[in-house]
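Following: one structure in C-alpha cells, then a few remarks.
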C-alpha cells in the first residue's frame, strides 16, 4: 500500500532523527563519555583574552584544579565540539566587550550549542568575567546560553573589574592582582574536587 505524502515525510523525518541520535551516541562512545568503561572525569577551562587578563585567570584556575582530575585549558577558538563533549565540567573565562560576551567566546557557544543540547544536562560549570567596570551583561548572557544546556552552576560567578575607562586603558595589557589569582585558583580547586568526588 502506498503511503500518503504526509506519512512518508513523517517516516523520513523519524529515520533522520534516529540516525542523528545514533551518530551522536557513537561519537560520545568514541570520546569516552558514555558507558564504555572509561570513567575519567575532565574539567574543560575555556578562555578568550585580548589583554591577557582572562588567559591569566583561566590558567591560574586550571593550576588550582591540580591533578585531582584531567584538566584541559584551551582558547575558545580551540574548543571544538569534540572537546566540549569530552568534558564533565566547565569553566568559562572571558572579557566583557560592549556589555556582552566577547565575540570569540560567543562564537564558541554558537558552534557548540546544538551538538551539546540535551547531552550535558546537570553538568557543573563556573565562570570568570574580566570587565572594565561592570561585567554583569556578559555574565547574564553566559548564564542564559548555558541554561539551554541545563548546566548547573556550582561556584559563584567571579567578575573582576579592572577600572579601565579610556580606550588606552581598555586596550592595555592587564596585570591581575595576586588576590584575584588566588580566587581563580580556589574556583578551579572547588570545581575539580567536586567533579572528582561526584558531588556535582
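At a glance:
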item: Rough spin-label spacing in nm, given labels placed 7 Å along Cα→Cβ, for residue 179 and residue 140; result: 2.8 nm
item: For region 46-197: rounded, prolate or oblate by the Cα gyration tensor [a/c cutoff 1.5]; result: oblate
item: Packing-based exposure ordering (other Cβ within 10 Å, fewest first) of 195, 69, 159, 129; result: 159, 69, 195, 129
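A short reminder: the numbers here are calculations on the coordinates, not readings from a lab. Quick caveat, the model's predicted, so the values are computed rather than measured. Every residue, glycine as well, gets a Cβ built from its backbone with ideal geometry; the counts of neighbours run over all protein chains shown.
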